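**Q** Sharing a structure with you now.
The values are calculated or read from the model by the stated rules, or taken from the named source; none is laboratory data. It should be emphasised that the depicted structure is a prediction, and the values quoted were computed from it without experimental measurement. Don't worry about glycine lacking a Cβ; one is built from the backbone with ideal geometry, like all the others, and counts go over all protein chains shown. For accessibility, only protein heavy atoms count, side chains too; no ligands or nucleic acids. Shrake-Rupley method; radii C 1.70, N 1.55, O 1.52, S 1.80 Å.
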Amino acid sequence: MNLSGRRILVTGGGAGIGAAIAAACIDAGAAVVINDLDAERAGDMSQLLGATSVPGDAAGDGAADIVAAASEALGGLDGLVNNAGVVTASRLETVSSEEWDRVMHVNVRSVFQMSRAFAAVADVPA
């Protein structure tokens, strides 16, 4: 995979799969912005990988601010990896509505919020 010259934003990139995706993108030549809800985790991983950190809630109303900051940091964006996600440790019959809402907020709404914000600034054809 050759991502030379590409500028990629990875949500949930502070740990786990997101960090692995960010590392793979960097290894392939991309400049990467790591987004994570946990600012310290995003900063630590960005420092470790040589990426840029833009912490924040990818599912929240500040998604456009995250994308704008990432775009400004890299001089534009070519790609978005919607990786932010959470799981529930509860069994289906015991999951509360509040817990379910949180899972859906992060796992589904973040994809919508970030994709909409990315589409507004991306350097890719519509």
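**Q** For the stretch 32-41, indicate whether the set of residues that are among the aliphatic types (A, V, I, L, M), open to solvent by 40 Å² or more (accessible area, probe 1.4 Å) and within 13 Å of the chain's Cα centre (by Cα) is non-empty.
**A** To start, the set of residues in the stretch 32-41 that are among the aliphatic types (A, V, I, L, M) comprises 32-34, 37, 39.
The next check asks that each one be open to solvent by 40 Å² or more (accessible area, probe 1.4 Å); those that pass are 37, 39.
If we keep only those that are within 13 Å of the chain's Cα centre (by Cα) too, we end up with 37, 39.
Checked the stretch 32-41: at least one residue is among the aliphatic types (A, V, I, L, M), open to solvent by 40 Å² or more (accessible area, probe 1.4 Å) and within 13 Å of the chain's Cα centre (by Cα).
**Q** With the checklist (1) open to solvent by 40 Å² or more (accessible area, probe 1.4 Å); (2) farther than 20 Å from M1 by Cβ in hand, flag the one item I21 doesn't pass.
**A** Here I21 clears every test but (2).
**Q** Continuing with this model, one more query. Wholly within the stretch 11-126, which helices (runs of 4 or more DSSP H) include no fewer than the required count, namely at least 1 residues that are modelled with pLDDT of 95 or more and of a type in the set (A, V, I, L, M, F, W, C)? I'd like the intermediate steps shown before the answer.
**A** On the way: elements: 16-27, 39-49, 63-74, 97-104, 110-121.
Result: 16-27, 39-49, 63-74, 110-121.
**Q** Among (1) over 12 Å from the mean Cα position of the chain (by Cα); (2) farther than 22 Å from A117 by Cα; (3) open to solvent by 40 Å² or more (accessible area, probe 1.4 Å), where does A15 come up short?
**A** (1)
**Q** Sticking with this one: Only one of these is on the phi > 0 side of the Ramachandran plot and surrounded by fewer than 13 Cβ atoms within 10 Å (Cβ to Cβ): G29, G56. Name it.
**A** Details: G56 fails: surrounded by fewer than 13 Cβ atoms within 10 Å (Cβ to Cβ).
G29 is the lone residue from the list that is on the phi > 0 side of the Ramachandran plot and surrounded by fewer than 13 Cβ atoms within 10 Å (Cβ to Cβ).
**Q** While we're looking at this one, here's another question. Kindly indicate whether A51 is crowded, with 19+ Cβ neighbours inside 10 Å and not hydroxyl-bearing (S, T, Y).
**A** Working: crowded, with 19+ Cβ neighbours inside 10 Å: yes; not hydroxyl-bearing (S, T, Y): yes.
So A51 fits the description; yes.
**Q** Still on this structure, please answer the following. Output the residues belonging to the stretch 95-119 that are within 16 Å of N35 (Cβ to Cβ) and open to solvent by less than 50 Å² (accessible area, probe 1.4 Å).
**A** V106, S110, Q113, M114, S115, A117, F118
**Q** Continuing with this model, one more query. For the stretch 61-94, what are the residues that are over 30 Å from S4 (Cα atoms) and surrounded by 14 or more Cβ atoms within 10 Å (Cβ to Cβ)?
**A** Step one: filter the stretch 61-94 for residues over 30 Å from S4 (Cα atoms), giving 61, 86-94.
Residue satisfying the conditions is V86 alone.
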